[in-house]
Amino acid sequence: FMGGGRIDQALGGGISFSENMPFIQIFSKLFSGANSQYQQVDGLPYIFCGILVVALVILYFMNQEIPAKHRKAAGFVLGFYLLTFYISAFSKLMHGGTHTNWFNYRYSFVFSFFLIALAAEEFIYIERLTTKDAKQCIIALLVSIVLVFSTSYEFISGGAVVLDLDLLVLMWLIFCIHKKKPEKVTKKVFAGLLILVVSVNMFANFTLSVISLRDWEKDLTL
């Protein structure tokens with residue numbers, strides 16, 4: 001393999017059901033700036049798609065208007081992809097039986113796109129969403145974050161997580177104002193403000209990721 005020291009990406013080798021990464025750790029990759037040298041070399045999945053998408057996916061599974069069979073099917077697909085991140089044999093299956101070198105989980109963007117598709121379907125119901133449902137979603141997300149970050153990870157800072165949460169709370173406040181005073185925050189204004197906050201979230205992820213990679217490059221030798 002032309003690359004100097006990287007693993008030969010060839011077919012073969014035994015099938016192992018060993019753990020690729022701690023299961024809970026996978027969800028930490030959904031937050032801004034979860035990148036570092038460790039991510040580059042060992043190739044943990046890139047699945048960031050913004051905090052609004054994560055919140056909408058939670059609401060999707062809470063939404064009783066969406067047929068239960070659809071939610072079960074979506075849960076099955078998400079569960080399958082999570083297992084491919086978690087168990088090495090399933091990861092190898094998704095890579096055509098080859099050994100991966102550096103950027104493992106090259107199919108992880110499909111997982112992100114599927115999350116975005118579920119979020120888009122849930123967004124159709126956004127006008128029917130109550131402030132109570134929104135509160136329950138935020139509480140569920142906060143409990144999940146406490147569970148996910150009960151262990152610290154070197155590839156993501158606490159500041160990045162707090163930033164994502166601040167943006168989520170800001171979106172929730174915009175939604176509450178829209179529901180209570182629709183004459184002041186119309187649908188168009190609501191959508192425009194959401195786009196602005198989501199853009200900030202995307203830019204923050206880009207900036208934090210670039211900083212992480214630049215810090216790594218400073219330590220590189222010939």
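The values are calculated or read from the model by the stated rules, or taken from the named source; none is laboratory data. None of the values given here were measured: they were computed from a predicted structure. A quick note on method: Cβ atoms are made from the backbone with ideal geometry, for glycine too, and the neighbour counts reach across all protein chains shown. Surface accessibility is based on the protein's heavy atoms, side chains included, excluding ligands, DNA and RNA. Shrake-Rupley method; radii C 1.70, N 1.55, O 1.52, S 1.80 Å.
With a 1.4 Å probe and every protein chain kept in, tell me what percent of the accessible surface of the chain is carbon plus sulfur.
On the way: 8530 of 12540 Å².
It is 68 percent, rounded to a whole number.
Grab the Cα-Cα distance for Ile139 and Ala117, subtract it from 0.36 nm times how many residues apart they are, and report the gain in nm with one decimal.
5.6 nm is the gain from fully extending Ile139 to Ala117.
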Exercise for the section: Given a cut-off of 20 Å, name the pairs among Lys72/Lys179; Lys135/Lys179; Lys132/Lys188; Lys29/Lys135; Lys29/Lys132 whose C-alpha atoms lie farther apart than that in the structure shown. Expected result: Lys72/Lys179; Lys132/Lys188; Lys29/Lys135; Lys29/Lys132
Exercise for the section: Quickly estimate the mean residue ellipticity at 222 nm for the chain, helices only: each DSSP H run with n ≥ 4 gives -39500 (n - 2.57), and the total goes over all residues, rounded to 500. Expected result: -20500 deg cm²/dmol
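If you build the convex hull over the alpha carbons only and average its shadow over all orientations, what do you get for region 92-222? Give it in nm² to one decimal. Before the final figure, lay out each step's value.
On the way: hull surface 44.9 nm².
One quarter of the hull surface, i.e. the mean projection, equals 11.2 nm².
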Problem - Listed residue (Val185, Ile87, Ala160) projecting farthest to the positive dipole end of the chain, Cβ model - result: Val185
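Given region 108-162, what whole percent of its Cα pairs are spread farther than 12 Å? Intermediate results must be reported in sequence, preceding the final value.
Values: 1133 of 1485 pairs.
Counting pairs separated by more than 12 Å, the tail of P(r) holds 76 percent.
Give me the accessible area per residue for the chain, probe 1.4 Å, as a whole number in Å².
Numbers: 12540 Å² over 222 residues.
Ligands and nucleic acids excluded, the figure is 56 Å² per residue.
Per residue and in cubic angstrom, what volume does the convex hull of the Cα atoms of the chain have?
On the way: hull volume 29.9 nm³, N = 222.
For the chain, the hull spanned by Cα atoms encloses 135 Å³ per residue.
To the nearest 20 Debye, how big is the dipole of the chain about its Cα centre, given +1 on the beta carbon of each Lys and Arg and -1 on that of each Asp and Glu? Walk me through the numbers before you get to the answer.
Values: 18 positive and 15 negative charges, 164 e Å.
My answer is approximately 780 debye.
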Handout entry: Mean Kyte hydropathy of 1.0 or more with a Cα span along the axis of at least 20 Å, helices from DSSP in the chain
Key = 108-123, 131-148, 158-180
